[in-house]
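*Asks:* Structure provided below as structure tokens; questions to follow.
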Amino acid sequence: MSKAKKLKTDDDEASAAILKYLIAQNRPYSPLDVFTNLLQKYGKTQVGKVLTQLAEDKQITAKTFGKSVIYFPNQDASDTPSPEETREMDIKIASLRDELAILKSEVSSKEKALSALTNSKTTPDLVEALETLAQENEKLESRLTGLRNGTRKLTIADKQKADAELEVYRKHWRLRKKMFKDAWSTITENMPVKKAKETLEEIGIETDEDMGVSFERDPLEGLMTL
């Protein structure tokens, strides 16, 4: 059997199955509805093509709503819906369209959250970075101890250098805090506030507020003298 003949046979089979399904259900459906309800037995493109052809052959009726096309079996005059039924169907279609918009928004939100998570560092990378920071912190603590004990006098140049470095670190602090808040806001935007807070505690994230620190206050204030 040639490829063209086989394709025609497949289309004929799909056309008969789709027409039978629409007549049995006697309800309006979009191409995606038909594709899904027939358990994806026929390809999405093929379903759309068959529905278009059935409508052109006057075997079914097609009606356009905005950018969407709805297909349903031909109705006898006695089956024509009353104005009240038509209004109800229009209301339901509008409701489903609104529901679709909400679902699309939720999908978009979850895709952004997933992207943020997949682009974040892996646990081994974070462990290595934490070890490096711990070593640097130990060195700085040792230096700070010496400053507190007065074993080293700071010059104006030393203080100016320290202030400049502190401002750089504060800048990165603000940036990282904003990145976290944006990512966390995206992840939890559909969560109740209480649930979001419980989730934060469950995964062990401690905020600046939890630790009582703020980049608006100089952490070395009162510790350094000229």
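*Asks:* Being outside any helix (DSSP H, G or I), farther than 30 Å from A183 by Cα and modelled with pLDDT of 80 or more, is that true of even one residue in region 73-85?
*Replies:* From region 73-85, those outside any helix (DSSP H, G or I) are 73-76, 80-82; that's our starting set.
Now drop any that are not farther than 30 Å from A183 by Cα, which leaves 73-76, 80-82.
With modelled with pLDDT of 80 or more added as a condition, the list becomes 73-74.
Yes.
Residues are listed down the side, and each one gets a yes or a no for (1) exposed (fewer than 10 other Cβ atoms within 10 Å of the Cβ); (2) touching a strand residue (DSSP E or B) at 6+ places or on another chain (Cβ under 6 Å); (3) closer than 20 Å to T207 by Cβ:
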| site | (1), (2), (3) |
| --- | --- |
| S120 | no, no, yes |
| P124 | yes, no, no |
| T145 | no, no, no |
| Y169 | no, no, yes |
| R176 | no, no, yes |
| F180 | no, no, yes |
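*Asks:* Of a type in the set (F, W, Y), within 21 Å of V213 (Cα to Cα) and either without any contact (Cβ under 8 Å) to a residue 24 or more places away in the chain or outside the structural domain of S214 (by TED's automatic domain parsing) (or both), is that true of W173? Let's see the steps before the verdict.
*Replies:* Numbers: of a type in the set (F, W, Y): yes; within 21 Å of V213 (Cα to Cα): yes; either without any contact (Cβ under 8 Å) to a residue 24 or more places away in the chain or outside the structural domain of S214 (by TED's automatic domain parsing) (or both): no.
It is false that W173 is of a type in the set (F, W, Y), within 21 Å of V213 (Cα to Cα) and either without any contact (Cβ under 8 Å) to a residue 24 or more places away in the chain or outside the structural domain of S214 (by TED's automatic domain parsing) (or both).
*Asks:* Continuing with this model, one more query. With respect to the numbered conditions (1) at pLDDT below 85; (2) over 25 Å from H172 (Cα atoms), which one is the sole condition not fulfilled by D210?
*Replies:* Here D210 meets the rest and fails (2).
*Asks:* Another one. Pick from region 147-165 the residues that are at pLDDT 85 or above and among the acidic types (D, E): which of them is surrounded by the fewest Cβ atoms within 10 Å (Cβ to Cβ)?
*Replies:* Only one residue tops the list, namely E165.
Residues checked against (1) over 18 Å from I93 (Cα atoms); (2) surrounded by 14 or more Cβ atoms within 10 Å (Cβ to Cβ); (3) touching a helix residue (DSSP H, G or I) at 6+ places or on another chain (Cβ under 8 Å):
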| residue | (1), (2), (3) |
| --- | --- |
| K20 | yes, no, no |
| P28 | no, yes, yes |
| V34 | no, yes, yes |
| L38 | yes, yes, yes |
| T45 | yes, no, no |
| G48 | yes, yes, yes |
| L54 | yes, yes, yes |
| K58 | yes, no, no |
| K63 | no, no, no |
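The values are calculated or read from the model by the stated rules, or taken from the named source; none is laboratory data. Quick caveat: nothing in here was measured; it's all calculated off a predicted structure. Cβ coordinates were reconstructed from backbone atoms using ideal geometry, including for glycine residues, and neighbour counts include every protein chain displayed.
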